[in-house]
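Undergrad: Can you keep this structure in mind? I'll have questions shortly.
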């Protein structure tokens with residue numbers, strides 16, 4: 001079994017739940033995915049990192065996104081990349097500006113001019129990816145890719161395209177046996 005298939009099976013066994021759920025958007029869904037149950041599992045971390053690294057452009061220099069969804073994905077990916085001689089700076093975008101110390105919304109290692117991959121564990125509408133991208137752009141870095149382990153909404157690529165940004169996910173809702181749902185309303 002390939003590592004991608006092992007990762008998919010792990011998501012289905014440990015992260016996907018069926019029932020009646022209210023999403024962040026307020027919409028109801030018959031399924032929910034808590035990807036951190038996979039991303040933070042020691043047996044799956046390398047699979048996650050390898051899958052994300054397979055999407056990361058060779059010229060990328062940093063990886064991160066909005067805390068908390070991006071943190072385990074970006075940190076494990078940067079760590080595994082380093083063991084392969086590929087060095088990606090890792091950072092988090094805080095949800096609010098820090099009012100002490102040097103302040104700001106960036107925590108970790110990011111430099112103006114970096115070529116950045118913004119990541120997330122699971123996306124439905126893509127708002128967290130775009131919020132993080134805007135903060136990083138204001139910081140002076142260039143976004144080269146928006147990515148997620150799972151795209152459950154199906155509309156993120158179009159939303160990203162409208163902002164002039166590429167989007168790729170490792171898995172889609174249909175890859176996990178579900179229909180897309182809860183994505184952004186596109187005009």
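Throughout, read-outs are computed from the coordinates displayed, never taken from laboratory work. Since the model is a prediction, treat every value here as computed from it, not as a measurement. For neighbour counting, all protein chains shown are included, and Cβ atoms are generated from backbone atoms with ideal geometry for every residue, glycine included.
Undergrad: Looking at the chain, what % of its DSSP beta bridges pair antiparallel, to the nearest 5? Please report the intermediate quantities before stating the final value.
TA: Details: 9 of 30 bridges.
Just about 30 percent of them are antiparallel.
Undergrad: Over the stretch 34-133, what portion of Cα pair distances is larger than 22 Å, expressed as a whole percent? Walk me through the numbers before you get to the answer.
TA: Values: 1270 of 4950 pairs.
For the stretch 34-133, the fraction of Cα-Cα distances above 22 Å is 26 percent.
Undergrad: Using a 7 Å offset from the Cα along the Cα-to-Cβ direction at both residue 138 and residue 175, what is the distance between the two label points in nm, to one decimal?
TA: Placing both labels 7 Å along Cα→Cβ, they lie 3.1 nm apart.
Undergrad: With the chain treated as a Gaussian network of Cα nodes joined by springs under 10 Å, which of 151, 175, 121 yields the largest mean-square fluctuation?
TA: Of 151, 175, 121, the most mobile in the Gaussian network model is 175.
Undergrad: Between residue 163 and residue 30, what is 0.36 nm times their sequence separation minus the Cα-Cα distance? Round to one decimal in nm.
TA: Numbers: separation 133, 0.36 × 133 = 47.88 nm, distance 3.03 nm.
Full extension of this stretch gives 44.8 nm more.
Undergrad: Can you put 10, 134 in order, fewest other beta carbons within 10 Å first? Mind dumping the intermediate values first?
TA: On the way: 10 18, 134 14.
Ranking 10, 134 by Cβ neighbours within 10 Å, fewest first, gives 134, 10.
Undergrad: Of 171, 21, 87, which has the largest mean-square fluctuation in a 10 Å C-alpha GNM of the chain?
TA: Between 171, 21, 87, it is 21 that shows the largest mean-square fluctuation.
Undergrad: What 222 nm value per residue comes from the helices of the chain, counting each DSSP H run with n ≥ 4 as -39,500 (n - 2.57) and dividing by all residues, nearest 500 deg cm²/dmol? Could the numbers behind the result be given before it?
TA: Values: 6 runs with 54 residues, N = 187.
The helix-only estimate for the chain comes to -8000 deg cm²/dmol at 222 nm.
Undergrad: Sticking with this one: If you work out semi-axes √(5λ) of the Cα gyration tensor in Å from the coordinates, which of (i) 25, 20, 15; (ii) 32, 23, 13; (iii) 29, 22, 15 do you get?
TA: Structure-derived value, by its label: (i).
Undergrad: Can you tell me the FRET efficiency between residue 83 and residue 58 if r is taken as the Cβ-Cβ distance and R0 is 25 Å, rounded to the nearest 0.05? Mind showing how you got there, number by number?
TA: On the way: r = 17 Å, r/R0 = 0.68.
Approximately 0.90, to the nearest 0.05.
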